[in-house]
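Taking it in order: structure first as structure tokens, then the write-up.
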Amino acid sequence: AFYTWILRQHTTTRLPPAEIHELGLREVARIEAEMHAILDAQGHTGGTPAEWLQRLAKDPQFLYPNTDEGRNQALAAYKRIADDVLAAAPKHFNVLPKAGIEVRRVPEFKEATAPGAYYNMPAMDGSRPGVFFANLRDMAEVPKFGMKTLTYHEGVPGHHFQIAIALELRGVPTFRKMGLFTAYAEGWALYAERLQKEVGSYKDDPYGD
């Protein structure tokens with residue numbers, strides 16, 4: 001009963017656990033089929049997508065040096081990706097957040113136990129921008145082919161557009177600006193990834209795709 005209640009809280013639906021689990025299995029199968037097709041087209045046949053991703057993530061062509069210079073290069077690359085999205089965003093969105101977004105490294109004192117990336121919302125009064133934090137504790141964990149998708153998800157047009165625009169709404173109570181439902185928040189971020197594919201951000205970048 002508790003698990004069912006937690007699922008309702010995160011999804012805002014009354015779908016039973018078994019049905020949500022089956023949906024998840026179908027989504028994994030769909031995504032793996034797309035990945036297989038892309039990998040096969042690059043000559044990476046045999047094995048599972050997970051196995052190929054593990055191999056490709058160790059390929060030097062996809063890695064920055066595990067040095068301060070390598071970290072600076074990665075931060076600059078994340079910023080370029082975000083800037084490219086922001087420059088094109090007026091073509092795809094009628095409403096854009098007023099708040100800006102910055103790309104920063106996860107502070108070193110907490111990077112060992114922090115996730116690979118996360119987003120911090122801007123201040124409601126506009127005094128602080130949103131921040132996309134990238135964890136650079138070990139550059140072997142930051143393959144270049146994953147950087148676009150991570151930026152689209154955590155930054156723009158992902159959580160930054162979703163959260164900053166909500167905070168900037170007028171005429172609604174505060175709780176409606178602050179409430180974060182998992183299915184909507186992460187669903188929007190996944191939509192943002194797919195949207196960037198639809199507008200050509202992965203053109204000539206099969207590994208990013």
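Since every read-out is calculated from the coordinates, none of them should be taken as a lab result. What you see is a predicted model, and the numbers here were worked out from it, not measured in a lab. Don't worry about glycine lacking a Cβ; one is built from the backbone with ideal geometry, like all the others, and counts go over all protein chains shown.
Observations
- Label point distance in nm, residue 194-residue 89, each placed 7 Å from Cα along Cα→Cβ: 2.1
- Two-site FRET efficiency, residue 104 against residue 50, from Cβ-Cβ distance with R₀ of 25 Å, rounded to 0.05: 0.25
- Inter-part distance where region 46-112 and region 163-209 are each reduced to a Cα centre, Å: 16
- Ranked packing of 193-202, 12-21, most packed first, by mean Cβ within 10 Å: 193-202, 12-21
- In the chain, the alpha-carbon atoms span a convex hull of 159 Å³ per residue.
- Looking at region 79-209, the DSSP beta bridges with both ends there are about 45 percent antiparallel.
- Helix-only mean residue ellipticity at 222 nm for the chain, each DSSP H run of n ≥ 4 adding -39500 (n - 2.57), per residue, nearest 500: -15500 deg cm²/dmol
- For region 77-209, the dipole from Cβ point charges (+1 on Lys and Arg, -1 on Asp and Glu) about the Cα centre works out to 360 debye, to the nearest 20.
- By the rule of a C-alpha distance below 18 Å, with chain neighbours fewer than 8 residues away ignored, the aspartates and glutamates paired with residue 203 are 34, 40, 83, 84, 193.
- Global geometry of region 115-209, whether rounded, prolate or oblate, following the gyration tensor of its Cα atoms and the 1.5 cut on a/c: prolate
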